[in-house]
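The values are calculated or read from the model by the stated rules, or taken from the named source; none is laboratory data. Quantities reported herein were computed from a predicted structural model and do not represent experimental measurements. Virtual Cβ from ideal backbone geometry, glycine too; neighbours counted across all protein chains shown.
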DNA sequence: CAGGATCCATATGGATACTG
DNA sequence: CAGTATCCATATGGATCCTG
């Protein structure tokens with residue numbers, strides 16, 4: 001039985017999987033999740049450097065969204081300068097398991113399978 | 001081992017899972033997949049009626065995209081009037097299995113679990 | 001360091017009208 | 001019937017500048 005329920009009233013209305021998908025949809029989000037997942041918890045600046053090309057605006061938006069969904073956590077230490085660390089929550093871990101399946105599927109479909117190679121020299 | 005590989009050169013460059021996600025991202029796409037998956041192959045007009053509110057433009061775009069990815073097929077019969085039927089391919093089936101997991105996760109997270117109820121009266 | 005505020009370019013969806 | 005073509009409103013990302 002499929003669990004992709006149709007919208008109650010408004011076709012685009014709040015539907016669990018739509019909510020989840022819209023969180024994952026935007027540019028950078030998957031890459032951000034991948035970084036958090038494989039490289040572990042990191043500070044804002046580190047994330048920005050690893051995700052080369054992302055703007056602080058979008059990085060902040062994505063992190064806030066992931067935090068709001070309980071996928072990532074935010075650890076704020078009000079030192080000077082402040083130290084803010086982000087990482088995946090248990091939910092984030094659950095999600096990554098499924099995303100890995102999706103990635104695995106995508107790799108099979110599209111041929112490229114860097115699964116056991118990690119990142120390239122260019123990364 | 002996670003399979004969400006980082007982009008080779010351009011951070012937003014072609015990456016299997018990004019490609020796949022961008023296909024699923026837009027409005028209506030998941031709902032369209034859900035309809036095709038649960039209600040079976042259907043003609044263009046039927047789809048439009050079931051997905052209440054979608055424009056022909058977007059419906060066409062989505063179907064073309066799914067077709068291009070091998071997720072859906074298009075069966076065109078040049079009768080008058082023409083009869084075009086869309087349905088999920090084997091790939092589409094594979095994809096739905098994973099999306100179901102995602103939906104199941106989303107339902108657990110967000111509480112709503114219409115999994116054994118199917119659609120509502122409004123659907 | 002970790003963002004918030006602002007301005008702008010662009011992509012994309014919605015609505016409508018038209019056609020083989 | 002199954003689209004295509006067009007115009008428009010809006011959302012969203014990118015770049016830049018500023019600050020506790």
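A quick yes/no check of all residues on (1) in a loop (DSSP other than H, G, I, E, B); (2) modelled with pLDDT under 95; (3) more than 12 Å from DNA strand C (Cβ to nearest atom); (4) within 12 Å of chain B (Cβ to nearest Cβ):
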| position | (1), (2), (3), (4) |
| --- | --- |
| A:6 | yes, yes, yes, yes |
| A:10 | yes, yes, no, yes |
| A:18 | no, yes, yes, yes |
| A:22 | no, yes, no, yes |
| A:32 | no, no, yes, yes |
| A:48 | no, no, no, yes |
| A:58 | no, no, no, yes |
| A:65 | no, no, no, no |
| A:70 | yes, no, yes, yes |
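Kindly indicate whether residue A:111 is modelled with pLDDT under 95, more than 12 Å from the chain's Cα centre (by Cα) and away from DNA strand D (no atom under 16 Å from the Cβ). It would help to see each step written out before you state the result.
Working: modelled with pLDDT under 95: yes; more than 12 Å from the chain's Cα centre (by Cα): yes; away from DNA strand D (no atom under 16 Å from the Cβ): yes.
So residue A:111 passes the test.
Could you list all residues from region A:38-68 that are surrounded by fewer than 20 Cβ atoms within 10 Å (Cβ to Cβ) and away from DNA strand D (no atom under 13 Å from the Cβ)?
Once the filter is applied, which keeps residues that are surrounded by fewer than 20 Cβ atoms within 10 Å (Cβ to Cβ) and away from DNA strand D (no atom under 13 Å from the Cβ), region A:38-68 yields A:38, A:39, A:40, A:41, A:42, A:46, A:49, A:50, A:67, A:68.
Applying the selection to region B:11-37, what residues are in contact with a strand residue (DSSP E or B) (Cβ under 9 Å, 6 or more places away or on another chain) and within 15 Å of DNA strand D (Cβ to nearest atom)? Steps first, please.
Kept after step one, since they are in contact with a strand residue (DSSP E or B) (Cβ under 9 Å, 6 or more places away or on another chain), are these residues of region B:11-37: B:32-33, B:35-37.
Listed by number, the residues that qualify are B:32, B:35, B:36.
Could you please let me know if residue B:87 is farther than 24 Å from residue A:16 by Cβ, without any contact (Cβ under 8 Å) to a residue 60 or more places away in the chain and part of a loop (DSSP other than H, G, I, E, B)?
Details: farther than 24 Å from residue A:16 by Cβ: yes; without any contact (Cβ under 8 Å) to a residue 60 or more places away in the chain: yes; part of a loop (DSSP other than H, G, I, E, B): no.
Taking the combined requirement at face value, the residue does not satisfy it.
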